[in-house]
Amino acid sequence: MVVAKPLKLNGTDLIHGDSGLAGGEVAPSISVSTTFRAPKPLEAEGSTKLADFDMRNPARHIYSRYTQQVSTRVEHILSRVNDGLALTYSSGLAASYAALVFYRPKRIAIRGGYHGCHATIDVYKKSRGIQLEVIDLDSEYRPGDVCWLETPLNPTGESRDIQYYADKIHKVGGKLVVDSTFGPPPLQYPFRFGADCILHSGTKYFGGHSDLLAGVLVVKTIEEWNTLHSDRTFLGSMMGSLESWLLLRSLRTLHLRVPRQSASATVLAQWLNSISKTPAGKTYDGVPGGILSQVWHSSLQGKDERGFDPAKQMLGGWNATFAILPEHALQFPHAVNYFVPATSLGGVESLVEHRIQSDPTSDPRLVRLSIGVEEVEDLKADLKQAFQTLTLVKVKL
């Protein structure tokens, strides 16, 4: 049963939600063992058969492909903050592939978003030896379809209407998978709007420090969780001990990092949007007009033609990753000082990326910004000097 959490992410849950699994140490220990000593027959309590084990709440560990101490603790924390039952994977794409194996869609409705998920669908088709049809989100759905909805969208950070697509796919008995990587708790809770499964690249905001790969699937029932766990065992896509430990460390500060990143990103998106509306020959806050042509961010959307208001879906704040169209997009990531020119997102340090460098399907003019936890005025000043520098370049050219 899904229990709704308050919009303010509970720091107590993040820090103590796994306390029932903790040992005597304050900081969790890292076990590097892949296998664990079996109890003597007279010492064993209950069945020793693997099939009888409660993999979600293991009394002991057998082999790290099934469970290990820190990954189990991570899954308990993620379950508490995501309104469901969470399972971890070695990467976001491993979690995506696991969702495809679990749902076995007859067709997939998807549009845009992270190019890696599209590539994973291609690998799934190849592995199954089938001609799996990929349709647009707004196509007519049929029984057996899976709607794969990414919101907010990579790379632009625009929101899509979860409830609308949930109602549409459920009318034909299909399932809705929501990739909520850009909208981690407390920004967005997709189960509240009809999602059947939530996907996260835990590498991003859950990890938060640019030092681990992780994927997460969240489902509503223990039956679904058990099936996914069994599949994961034989797909071999579980997290390693060190990555699990790093993720557990990171989750302790999720409630501090994400609201800060969200608030700073919203300030910057609104400021950049004002610059984009400033005509050439004029300035806004010291930035010449004409140097920036467009800004995408959920806070800038407003209601769509169906009446969807992103503010009613992103109840905990706006996304902290979004996109802009600046002049000299290739040079822009190297004209800033505090923004690190690198791919990925969600870390404590702000990142900037000329998106086509990692996603060949992206607009060559587009730059993606991931806002970290630096002082927002320092980030604003950094962007301002970059625009001023690029304006001089444009004049010289």
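Examine the range 232-239 for a residue that is within 30 Å of PRO326 (Cβ to Cβ), open to solvent by 40 Å² or more (accessible area, probe 1.4 Å) and either assigned by the TED database to the domain that holds GLY286 or assigned to a helix (DSSP H, G or I) (or both), and state whether such a residue exists.
The answer is no; no qualifying residue exists.
The selection criterion, being touching a residue at least 60 places away in the same chain (Cβ under 8 Å), aliphatic (A, V, I, L, M) and in a loop (DSSP other than H, G, I, E, B), does not hold for LEU247.
Conditions tested, residue by residue: (1) more than 18 Å from THR361 (Cβ to Cβ); (2) within 16 Å of the chain's Cα centre (by Cα); (3) open to solvent by 40 Å² or more (accessible area, probe 1.4 Å); (4) modelled with pLDDT under 95.
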{"position": "THR88", "(1), (2), (3), (4)": "yes, yes, no, no"}
{"position": "SER91", "(1), (2), (3), (4)": "yes, yes, no, no"}
{"position": "TYR141", "(1), (2), (3), (4)": "yes, no, no, no"}
{"position": "CYS147", "(1), (2), (3), (4)": "yes, no, no, no"}
{"position": "LEU153", "(1), (2), (3), (4)": "no, yes, no, no"}
{"position": "GLY157", "(1), (2), (3), (4)": "no, yes, no, no"}
{"position": "GLN163", "(1), (2), (3), (4)": "yes, no, yes, no"}
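Which one is most open to solvent (accessible area, probe 1.4 Å) among residues in the range 165-184 that are of a type outside the set (S, T, N, Q) and in contact with a Lys or Arg (Cβ under 7 Å, 6 or more places away or on another chain)? Here the residue is VAL172.
Quick one: which strands (runs of 3 or more DSSP E) lie wholly within the range 257-363 and hold at least 1 residues that are at pLDDT below 95 and open to solvent by less than 60 Å² (accessible area, probe 1.4 Å)?
Strands (runs of 3 or more DSSP E) meeting the threshold: none at all.
Among the residues of the range 301-346, just one is in contact with a helix residue (DSSP H, G or I) (Cβ under 6 Å, 6 or more places away or on another chain) and free of Cβ contacts under 8 Å to residues at least 40 places away in the same chain, namely PRO341.
The values are calculated or read from the model by the stated rules, or taken from the named source; none is laboratory data. Predicted model only: the values in this text are computed from it and were never measured. Using ideal geometry, Cβ is built from the backbone for each residue, glycine included, and neighbour counts are taken over all protein chains shown. Surface areas here come from the heavy atoms of the whole protein model, side chains and all, with no ligands, DNA or RNA. Shrake-Rupley method; radii C 1.70, N 1.55, O 1.52, S 1.80 Å.
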